[in-house]
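What follows is one structure encoded as structure tokens, with my remarks underneath.
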Amino acid sequence: MKSVNRRNFLKMSGATLIGLTCGSVALRSQAQELLQTSDPTAQALKYVPKSEVAGSMCSNCMYIQGNEGDENRPCAIFPGKLVAADGWCSAWVKRPG
Ligand code: SF4
């Protein structure tokens, strides 16, 4: 009986460790840099922080990530950077739904 409890305790410790690790990864991902228009990939894809294309913006693009409503969000096309929710680039594809 005692050994079962110990095993459960060890299992819980493992889960806690995984939780802490995931938590710190999530925190780190929030410290991403804002994408600059001077970035070579941003220039190649004509990224602008304020869309001039009616109805097309990062917040309704299928590549946007992160939380709905955030001003700046991660984008699958620009790993490690944040793009403006109101921005746009030539890779824009309408988000399904
Ligand atoms: S692919 Fe371009 S338009 Fe789409 S979210 Fe990323 S930066 Fe914005």
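The values are calculated or read from the model by the stated rules, or taken from the named source; none is laboratory data. Computed from a prediction, not measured in an experiment: that's the story for all the values here. We place every Cβ from the backbone using ideal geometry, glycine too, and count neighbours over all the protein chains shown.
If you check PRO40, PRO74, PRO79 for being farther than 16 Å from PRO96 by Cα and either away from the ligand (no atom under 12 Å from the Cβ) or not assigned by TED's automatic domain parsing to the domain that holds VAL93 (or both), only one passes: PRO40.
When PRO79 is tested against the conditions (1) touching a Leu at 6+ places or on another chain (Cβ under 6 Å); (2) surrounded by fewer than 16 Cβ atoms within 10 Å (Cβ to Cβ), the lone failure is (1).
Looking only at residues of the range 43-67 that are near the ligand (Cβ under 8 Å from one of its atoms) and touching a residue at least 40 places away in the same chain (Cβ under 8 Å), we find that the one that is surrounded by the fewest Cβ atoms within 10 Å (Cβ to Cβ) is LEU45. Number of residues in the range 82-97 that are within 7 Å of the ligand (Cβ to nearest atom) and buried (at least 20 other Cβ atoms within 10 Å of the Cβ): the value is 5. Filtering the range 68-97 to residues that are closer than 13 Å to GLN32 by Cβ and free of Cβ contacts under 8 Å to residues at least 12 places away in the same chain leaves only PRO79. Take the conditions (1) part of a loop (DSSP other than H, G, I, E, B); (2) out of contact with any Pro (no Cβ under 8 Å at 6 or more places or on another chain); GLY66 misses just one of them, which is (2).
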